[in-house]
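Scroll down for the structure; my scribbles are underneath it.
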Ligand SMILES: [Zn+2]
Ligand SMILES: [Zn+2]
């Protein structure tokens, strides 16, 4: 029927004009074919790695950001399409960051209603007695990410226990993982390299005090999914997500790894996935050649969380906060401990450092009270009703190009000396 050959046809279906260039492969695709390949790759990752089994109760770690919003949408879609038989839930952590988390949690609540998935929110304030706003007021902007990271891992686990789930999935994407691989290679941290390249783990700790293992599995279905494609997918599906970054988290080191990665990606689009594969290969050889001594695991004498020390990392940090010694447990703990002991010797008092007394954090009984499960209300529309007109593919193509340009510009603002050699 078409008398003239189609201008710029989709590389896959050949029957519709392409409106985007796939960042991962360079293929020019129409919208429907892009959705199809994007979703199918995630399905293949899930099946090839046997992430789930029928009947699993799975919590999606939901922040309201693009990654976890797309993850919730796609997991629900694949669960229906391929009949995985999963019981899906949303699990959000409220760190207590005014102007950031309060707004992003509103997004998660809308996602709960849009996707009809139950939501549990657990908050730092209720679990630990401190919100991140409180902590930053006490300790300043330095090291606050240490507190947040340790508290979040435990909070997710506690939320998982409240929901009685077997498995938490997170929205970590290929770019995040490639950055982490780079950082761990630069630091020569082989145990963490191994952990960050595993698609499924039950290790939850990344701190230096030892590995804290959880009974709840964690996995990353977006391990091979490019960040740019997640943004494109969210854009074309008009998903409702929150796009501000945390106001307390200028992670300088990761920022450099990120810029470096974007430079590499400009030269060769497969760089991201190549780095992940390198990380996997290195980890495999590390596993084959070493007998890494794993710490003996016990339970925290204060809160009952699994730990390799008498006090888990969260309880150690809380001990510091509650005693006005916020450096306790952050980095040079031996030195701080010595200073603490000296100060006590001088003042003639003797408050020993962390022992099994003083219930700062409650055990399971108190944590169960610290959250409310909210069920979806009746709406089921996924479309957020964006006022974008669909009067022409060119228009949409142009918009996405502009959108991706914004992303590039923001990334470009951090640009370091370029790698591009001639
Ligand atoms: Zn197509
Ligand atoms: Zn503890």
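Observations, loosely collected:
- Scattering profile of the stretch 108-259 at q = 0.20 Å⁻¹ [log10 I(q)/I(0), Debye over alpha-carbon scatterers]: -1.74
- Gain upon complete extension [residue 215, residue 301; 0.36 nm per residue less C-alpha separation]: 29.2 nm
- Gain on full stretching of the segment that runs from residue 37 to residue 25 - 0.36 nm per residue minus C-alpha separation: 3.2 nm
- Spin-label zone in the stretch 135-160 - amide nitrogen under 18 Å from a point set 7 Å from the Cα of residue 200 along the C-beta vector: none
- Hydrodynamic estimate: the Kirkwood radius of the stretch 1-119 over Cα pairs, inserted into Stokes-Einstein at 4 °C and 1.567 mPa s, corresponds to D of 78 µm²/s.
- Which of 58, 47, 330 has the fewest Cβ neighbours within 10 Å, and the rest in rising order: 47, 330, 58
- Pairwise label distance in nanometres, residue 138 with residue 277, each label 7 Å out on the Cα-Cβ vector: 4.8
- Inter-label distance for residue 161 and residue 284, nm, one decimal - labels placed 7 Å from Cα along Cα-to-Cβ: 3.7
- Ranked for footprinting exposure by Cβ neighbours inside 10 Å, fewest first, 15, 104, 198, 249 give 15, 249, 198, 104.
- Cα gyration tensor, the stretch 134-194 - rounded (a/c under 1.5), prolate or oblate: oblate
- Put in line by how crowded their Cβ is, counting other Cβ atoms within 10 Å and starting with the fewest, 312, 300, 246, 148 read 246, 148, 300, 312.
Since every read-out is calculated from the coordinates, none of them should be taken as a lab result. Just so it is clear, the structure is predicted and the values come from calculations on it, not from any experiment. Methodologically, a virtual Cβ is constructed for each residue, glycine included, from the backbone with ideal geometry; neighbour enumeration extends over all protein chains shown.
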